[in-house]
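Asks: My questions all concern the structure below.
A short reminder: the numbers here are calculations on the coordinates, not readings from a lab. This is a predicted model, so every value here is computed, not measured. Virtual Cβ from ideal backbone geometry, glycine too; neighbours counted across all protein chains shown.
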Amino acid sequence: MLSAEWLIGGAIGAGAGGFLLEHVSTRDVLYAASVLPLISAGLLVVVFRGYTETHGRSTWTEGDLRVERERTGPSVVRVLLVTAAIMILFQIGFAGETALLPLLVTIHLNLSAATAGTALFAAGIFGGLLLVPGGIASDRWGRGPVMVAGALLSAVAFGLYSIAGVFGVVIGAAAVRAAGSSLIWPAATAWISEASPRRRHALVMGLFGEFENLGGFLGPLIGGIAWSIAGIQAGTRRRGV
């Protein structure tokens, strides 16, 4: 649910940003966007005012310690390595889609920035709405099968992007991609969270997050290089540009 809120917020921002860029200058849009983190900081102060964390080792029972001992060891390393590899590949695709989807709409399809913002809005809304069902599917049918299904759907989505000639196909591909992401993200996150030892939970999740960030960095870079070599030129030559 938290990830869904994050995606929906990004979708709203993309849609609003695309609309505003059609009516006001880019500088004014960036000025307005710079205020939003300050509002977020103010909300955090209000929400966490007076909050203290009382959890500590003294509250652990013998059962907690037994579970802690069982969860530490090579299995944690194995799960971290597997989920890290999954998230790097997932984030490369996800970040590459976010970076290249506006180019697909504006350059390949010759549509407006507002339409590109609409495409990102649709992709984010689809992802936000499907994350909770994706998490339920992971709980019901298991992490592994659900992640495999998500990977197959993501591959189909990128195939649809590659042959998209009209805006409707782009939206359909975004929906399929969101369905695949909604199966991968909750399952991988739950798997590593469940395998993490309680005393090192924040450390393990931090390492997991670093692999997510690495994939998010490599996605636009790899996608941009690949499309600059072939995709954008091919799309513009067909239109005689």
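Asks: Starting from the 7 Å offset along Cα-to-Cβ, what nm value, one decimal, do you get for the label separation of S193 and V45?
Replies: Those two pseudo-labels are separated by 3.0 nm.
Asks: Here is a follow-up. With each label point set 7 Å from Cα along the Cα-Cβ vector, what nm distance links L203 and L89?
Replies: 2.9 nm
Asks: Report, largest value first, the span of the C-alpha coordinates of segment 164-210 along each principal axis, in whole Å.
Replies: Taking the Cα atoms of segment 164-210, the three principal extents are 52, 17, 8 Å.
Asks: Place a point 7 Å from the Cα of L129 along the Cα-to-Cβ direction; which residues of segment 5-39 have their backbone N under 19 Å from it?
Replies: Inside the label zone: 5-16.
Asks: Let me ask something additional. Using just the C-alpha positions of segment 93-190 as equal point scatterers, what log10 of I(q)/I(0) does the Debye formula give at each q in 0.15, 0.19, 0.21, 0.24 1/Å?
Replies: Debye curve over Cα of segment 93-190, log10 I(q)/I(0) at q = 0.15, 0.19, 0.21, 0.24 Å⁻¹: -0.55, -0.81, -0.94, -1.14.
Asks: What is the extension gain from A155 to R140, computed as 0.36 nm multiplied by their sequence separation minus the C-alpha to C-alpha distance, in nm to one decimal?
Replies: 3.1 nm
Asks: Still on this structure, please answer the following. Could I have the simple spin-label model distance between S162 and F217, label points 7 Å from Cα toward Cβ, reported in nm to one decimal?
Replies: Here the modelled spin labels are 2.8 nm apart.
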